[in-house]
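Visitor: Take a look at the following structure, please.
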Amino acid sequence: MAAARILLIVGGGIAAYKACELVRLIRRAGAEVTCVLTDAGAQFVTPMSLAALSGQPVHTSLWNPQDEAEIGHIQLSRAADLVVVCPATADLLAKMTAGIADDLATTLLLATDKPVLAVPAMNVRMWSHAATRRNIAWLRESGVSVMEPDHGPMACGEFGPGRLPDPEAIWRAVEARLAGIPAIGLAGQPGSDERRTPLSGKHVLVTAGPTHERIDPVRYLANRSSGKQGFAIAAAAADAGARVTLVAGPVALPTPPGVERVDVESAAEMAQAVAAALPADAAVMVAAVADWRIADPADEKIKKQGGAPPALALAENPDILASLAAGPQRPRLLVGFAAETHDVLAHAQRKLAVKGADWIIANDVSGDVMGGDANAVHLVSGAGVESWERASKQAVAARLVDRIAAALAAEPADG
Ligand code: C5P
């Protein structure tokens, strides 16, 4: 049988060095590989390394008269049995989706009539950005095999999905694709739709941000919640195919794509908006709801009158999470958050019981969590405590949404 011929397009990313190992594995298996290096890819690996490893000339430019005379770029795109893009950067995936052909690599991708396997690698935020999600969905629908990246620490210091899979795993995907089996090891291919939209058909209700409790027309009581974690959870749930209602306190954040947002100010308004959004399959109550409101807010601005400052009498706010847990429309999965500055786990375990939630996500907010971009949380449930390593709020959201999808997919408990 003739040796398989692979055209390997190496994009620009720190993971490009792993493409060298992939070339070695391809050749070790007896297949042939010809490399195309983008300008950005050449910032990370040299044409010389790829030429030495592949035993073939490396192609870098559309404007090389010698290359054109010898083979021609259309021919190069069709001589292979499989085109592999590794690493596939966000930029390359976007150009593939848009049909842009402004260099040798993108021209080959537009001109090829052969199967294409893309192996993405990028920063976690670029991976979870709506534009990248849309591009990958479109590419998969169009028949391009797109591997799922690995989760883990990244060169940029963040944590989450976006790492290039191990070259061995990429080689297994290449072998599967060459054998005409697009689904093996490639999430998102036909037959693995569940992975892409595990929450499709489900309604997920999320609360986020602080509440503002009015003192008078110009003043309020508030807290330092930024809303970032709740918005990231709403975005991740929408990304997983859920219908998402996001009840947001006053925050300066854009609405994630595909999310239905209801803006509220006070705890009382949040309670009403939550009730109006029911029924829901899962509710994730991330909002830092004010425990107290001003018992009797003033209709006019309270004036300084000299002497003693005014005394503010407080009244307790309704506990939205506890009422939802006890109410007739309790979602099947009810997740609360517990922001604590000390004895984090003990408080969370107590809250699980007192509030009637299924899970409490406990986080220590004594550091830079409030308003920051990273979070270190513990998932506290009847089954015990799971401590997750510190990660970006997006990565925490993605992990939590995976867990929610798994819990909703499981058979409901009897009784
Ligand atoms: O008691 P604590 O405020 O720490 O509880 C936090 C959890 O309870 C969060 O999930 C929060 O959204 C929810 N909560 C609520 N209504 C309140 C207070 C807290 O839903 N009034």
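Visitor: List the GluC sites (Glu not before Pro) in segment 239-332 that DSSP assigns to loop (not H, G, I, E or B) and whose Cβ has at most 13 other Cβ atoms within 10 Å. Which are they?
Guide: In loop regions of segment 239-332 (DSSP not H, G, I, E or B), the sparsely surrounded GluC sites (Glu not before Pro) are GLU300.
Visitor: While we're on this one: Starting from the Cα gyration tensor of the chain, multiply each eigenvalue by 5, take the square root, and state the resulting semi-axes largest first in whole Å.
Guide: Those come to 51, 22, 18 Å.
Visitor: Starting from the Cα-Cα distance between GLU300 and ALA222, subtract it from 0.36 nm times their residue separation and give me the gain in nm to one decimal.
Guide: Stretched out fully, the GLU300 to ALA222 stretch lengthens by 26.2 nm.
Visitor: For the pair ALA410 and ASP81, what calculated FRET efficiency results from E = 1/(1 + (r/R0)^6), where r is the Cβ-Cβ distance and R0 = 51 Å, to the nearest 0.05?
Guide: Between ASP81 and ALA410 the formula returns 0.75.
Visitor: As a quick test, which of the pairs LYS95/LYS393; LYS303/LYS393; LYS301/LYS355; LYS228/LYS304; LYS304/LYS355 have an alpha carbon distance above 30 angstrom in this structure?
Guide: The pairs that break the limit, which is 30 Å between Cα atoms, are LYS303/LYS393; LYS301/LYS355; LYS228/LYS304; LYS304/LYS355.
Visitor: Could you work out the longest stretch of the chain that avoids the trypsin sites (Lys or Arg not before Pro) located in DSSP loops with at most 16 other Cβ atoms within 10 Å?
Guide: Free of exposed loop sites, the longest segment is 1-223.
Visitor: Then there's this: Quick check on segment 5-179: what does the Kirkwood estimate of hydrodynamic radius come out to from the alpha carbon pairs, in Å?
Guide: 15.9
Visitor: Still on this structure: Within 9 Å, Cβ to Cβ, of THR245, how many net charges do the neighbouring residues add up to if Lys/Arg are +1 and Asp/Glu are -1?
Guide: Net of charged neighbours comes to +1.
Visitor: In percent, what relative contact order does segment 286-339 have, based on Cα pairs under 8 Å that are 6 or more apart in sequence?
Guide: After rounding, I find 42 percent.
Visitor: Computed over the Cα atoms, what is the radius of gyration of segment 198-410 divided by 2.2 N^0.38 Å, N being its residue count?
Guide: 1.04
Visitor: Using only Cα atoms, tell me the angle between helix 393-409 and the longest principal axis of the chain; keep it within 0 to 90° and round to the nearest 10.
Guide: Result, in degrees: 90.
Visitor: What residues qualify as long-range amide H neighbours of LEU62, i.e. H under 5 Å apart, gap of 5 or more or another chain, H built at 1.01 Å from N?
Guide: LEU104
Since every read-out is calculated from the coordinates, none of them should be taken as a lab result. Keep in mind it's a predicted model, so treat the numbers as computed, not measured. With ideal geometry, Cβ positions are generated from the backbone for all residues, glycine too; neighbour counts draw on all protein chains shown.
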